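As structure tokens, the structure follows; a few thoughts come after it.
The values are calculated or read from the model by the stated rules, or taken from the named source; none is laboratory data. This one's a predicted model, so the numbers in the text were calculated from it and none came from an experiment. All Cβ positions, glycine included, derive from the backbone under ideal geometry; neighbour counts span all protein chains shown. Accessible surface areas use protein heavy atoms only, side chains included; no ligands, DNA or RNA. Shrake-Rupley method; radii C 1.70, N 1.55, O 1.52, S 1.80 Å.
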Amino acid sequence: MKIENSVALVTGANRGIGLVFARELLARGARKVYAGARNPVAVTQSGVQALRLDVDNPQDVAAAAALASDVTLVINNAGVAQVGGFLAADSEEVARRIFETNFFAVLRMSKAFAPVLKANGGGALLNVLSAASWANGGELAAYSASKSAAWSLTNALRSELSAQQTQVLALHMAYVDTDLTRGLDVPKTSPEDIVKRALDGLEAGEDEVLADEITQQLKRGMTAPRPSYLPQAA
């Protein structure tokens, strides 16, 4: 997937990683960038086309797919998080709300734009996931679970969309220095670095980008050989 002359749509593009994606796409020569946001007035980046898009709203998603019929790249970036474990009193309500945005909205966007991408030659989907897809210590329990589900969704979409030559890329990273993590005293990577690595991977034809060292360490741990005392594949 080449960025130059592409037509991209970024969800949650009014701030954070989404805003940086919009800027970097323009810098790399994208012909048009649709900047999706619940409130398009909040989109202040010059050079983009603001688009009213609440990814939790099926009518908004359908309208966006009809309007942005020239899209060749969809970046599913919009996401929510909330601190708390599964034994908290409100954990079911929190999980439902987080899954609605972090999982079901990604599914909704992918279904709506898959025919658009096919009509425009295949293009690509880039799903913004997390190192939390693979590790859940309970402090962000529902968020981690939703990103794990979204990772599984991304892998399935890659298989289902291969016939129409749509590239599907999973972007994983640990903490990024955005509004979402402002109150957390943890090591953070700049959103500019994350976005550059993501788009480099997209242009290189990769299926997955591990955008920082913490994420790479987690993935290496997942793929390490099984200890001898665990059952081995025949």
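Every listed requirement among (1) out of contact with any Lys or Arg (no Cβ under 7 Å at 6 or more places or on another chain); (2) at pLDDT 95 or above is met by GLN164 save one, (1). The number of residues in region 58-89 being of a type outside the set (Phe, Trp, Tyr), under 26 Å from TYR143 (Cβ atoms) and touching a helix residue (DSSP H, G or I) at 6+ places or on another chain (Cβ under 9 Å) comes to 18. So is ASP193 free of Cβ contacts under 8 Å to residues at least 24 places away in the same chain and either among the acidic types (Asp, Glu) or under 19 Å from VAL74 (Cβ atoms) (or both) or not? In short, yes.
Applying the criterion of being within 21 Å of GLU93 (Cβ to Cβ) and either of a type in the set (S, T, N, Q) or in contact with a strand residue (DSSP E or B) (Cβ under 7 Å, 6 or more places away or on another chain) (or both) to the residues of region 143-173, the residue that is surrounded by the most Cβ atoms within 10 Å (Cβ to Cβ) is SER146. Sort out which residues of region 14-33 are part of a helix (DSSP H, G or I), over 20 Å from LYS188 (Cα atoms) and open to solvent by 30 Å² or more (accessible area, probe 1.4 Å), and write them in order of number. Correct list: ARG23, LEU26, ALA27.
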